[in-house]
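What follows is a short report on a single structure.
The values are calculated or read from the model by the stated rules, or taken from the named source; none is laboratory data. This structure is a prediction, so every number in the text was calculated from the model and none was measured. When we count neighbours, we look across all protein chains shown, and the Cβ atoms used for this are built from the backbone with ideal geometry, even at glycine.
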Amino acid sequence: MIRIDQKPEEGPRVIVIDKLRDTDIYAPVKFSHLAHAEMADMTGGCRTCHHYNPPGNVIGCSDCHETTRKRADITKPDLKGAYHQQCMNCHRSWSGKTDCNDCHVVKEKADLKPVKVKDEKSKRIHPEVKAPEKISFNTKTDKGKFVTFYHNDHTGLFGLECSQCHSNESCAKCHSQIKKPAEIKKSFAEQHKKCSSCHEVKTGCNKCHSNKESGPFNHKISTGFDLAKFHSKLNCARCHTTPSKFTGLIKDCVTCHGTWSWDNFDHKKTGLVLNETHGELDCESCHKDKSYANPTCTDCHDDLTYPKNLPGKLIKR
């Protein structure tokens, strides 16, 4: 059975709609489920069409909608009405074509052999939309007019899915034949709605707003922690395990590197080779309470501080 929470490609590619055999004019409709599921995934997912479906397996339309027009509950459309309502709600605004022959094949011309839809039909999914590398918004604020949005940072580094930002956007947003209405002035909350699901938008405006276009995300500049070559190839979610919440982490290496110990850890991996004196000390002599940020020097040295005085030699990583 198909479940309501499955991905589009996990469902059937083609469905034959043949419950209504009350006409001698049209043949059953060969419905490309995959193509429509791919498009619906950007809006409400399966529930765009399978509304009122309880959690679990997808139920058939005829389980709720009666095939006869002489039904007891006239507040609920019959099966034919439900089919047409669902199809025409999108096609009327998207393609503008809602004539019968746009979906229905005249029975005498139809191929009534067992369904074997050609690949070119079953794979008619939306062509890939190439995302821009960056978008620069020139806002109307007095200070910090520019907001530079790097799309690849959000999808690649931060691991966001398209639907997390572009949900509830119908096909008609791009394909509508209706002229767009005049831009309506939006409130602060409406302007920041898409960003506020991840970002705190009421404070720290200068993290996004600046007086000129800004560069892409730089972990060292933004957080003070240099990823260098060892952490730079990791996906953010490897360390920041709460989805879309990239808050500061405890500087405790053993959170990820539980097998490290004084016996097997090579300090030069940090970019600094300890001198002979410090090489003999255990980690906690300099890194108090297992906090592996900047070392504490004052317990042993009255006149030495980090990073002015290094306990060894820096090397290129």
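In the set G156, G204, G224, only one residue is at pLDDT 75 or above, among the small types (G, A, S) and within 28 Å of C46 (Cβ to Cβ); that residue is G156.
Of all residues in the range 269-285, those satisfying the criterion of being outside any helix (DSSP H, G or I), modelled with pLDDT under 90 and surrounded by 12 or more Cβ atoms within 10 Å (Cβ to Cβ) are G271, L272, L281.
A count restricted to the range 67-84 and to residues that are farther than 25 Å from K7 by Cβ and modelled with pLDDT of 85 or more stands at 6. Residues that are at pLDDT 80 or above and outside any helix (DSSP H, G or I) within the range 20-33 comprise Y26, A27, P28, V29, K30, F31, S32, listed in sequence order.
Quick grid of which residues meet (1) small (G, A, S); (2) surrounded by 14 or more Cβ atoms within 10 Å (Cβ to Cβ); (3) within 22 Å of the chain's Cα centre (by Cα); (4) in the same structural domain as K143 (by TED's automatic domain parsing):
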{"site": "H192", "(1), (2), (3), (4)": "no, yes, yes, yes"}
{"site": "K202", "(1), (2), (3), (4)": "no, no, no, yes"}
{"site": "N206", "(1), (2), (3), (4)": "no, no, no, yes"}
{"site": "S232", "(1), (2), (3), (4)": "yes, no, yes, no"}
{"site": "W262", "(1), (2), (3), (4)": "no, no, no, no"}
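Assess whether L234 counts as being at pLDDT below 85 and touching a Leu at 6+ places or on another chain (Cβ under 9 Å). Considered against the rule, which asks whether it is at pLDDT below 85 and touching a Leu at 6+ places or on another chain (Cβ under 9 Å), L234 comes out as yes.
Being aliphatic (A, V, I, L, M), in a loop (DSSP other than H, G, I, E, B), modelled with pLDDT under 80 and surrounded by 11 or more Cβ atoms within 10 Å (Cβ to Cβ), is that true of even one residue in the range 91-105? For the range 91-105, residues aliphatic (A, V, I, L, M), in a loop (DSSP other than H, G, I, E, B), modelled with pLDDT under 80 and surrounded by 11 or more Cβ atoms within 10 Å (Cβ to Cβ): absent. I'd like to know if the range 56-63 contains one or more residues that are in a loop (DSSP other than H, G, I, E, B), exposed (fewer than 14 other Cβ atoms within 10 Å of the Cβ), assigned by TED's automatic domain parsing to the domain that holds K30 and at pLDDT 80 or above. Checked the range 56-63: at least one residue is in a loop (DSSP other than H, G, I, E, B), exposed (fewer than 14 other Cβ atoms within 10 Å of the Cβ), assigned by TED's automatic domain parsing to the domain that holds K30 and at pLDDT 80 or above. If you go through the range 62-89 and keep only what is under 30 Å from Q164 (Cα atoms) and in contact (Cβ under 8 Å) with a residue 24 or more places away in the chain, you end up with Y83, Q86. Between a first residue in the range 299-315 that is outside any strand (DSSP E or B) and a second residue that is loosely packed, with under 10 Cβ neighbours inside 10 Å, which pairs have beta carbons less than 9 Å apart while being 6 or more apart in sequence or on different chains? If the second residue must be loosely packed, with under 10 Cβ neighbours inside 10 Å, the pairs left are N309/D303.
Selection over the range 34-55 of residues that are buried (at least 17 other Cβ atoms within 10 Å of the Cβ), modelled with pLDDT of 80 or more and within 15 Å of I2 (Cα to Cα) gives a count of 5.
Under the condition of being in a loop (DSSP other than H, G, I, E, B) and out of contact with any Lys or Arg (no Cβ under 8 Å at 6 or more places or on another chain), which residue from the range 286-298 is farthest from K251 (Cα to Cα)? Within the range 286-298, the match that is farthest from K251 (Cα to Cα) is T298. From the list K233, K229, the lone residue that is farther than 22 Å from T148 by Cβ and part of a helix (DSSP H, G or I) is K229. Would you check if E213 is under 30 Å from R92 (Cβ atoms) and surrounded by 10 or more Cβ atoms within 10 Å (Cβ to Cβ)? In short, no. Against the list (1) in contact (Cβ under 8 Å) with a residue 24 or more places away in the chain; (2) assigned by TED's automatic domain parsing to the domain that holds Y292, the condition D266 fails is (1). For the range 248-261, does any single residue satisfy the condition of being at pLDDT 80 or above and in a helix (DSSP H, G or I)? Within the range 248-261, none of the residues are at pLDDT 80 or above and in a helix (DSSP H, G or I).
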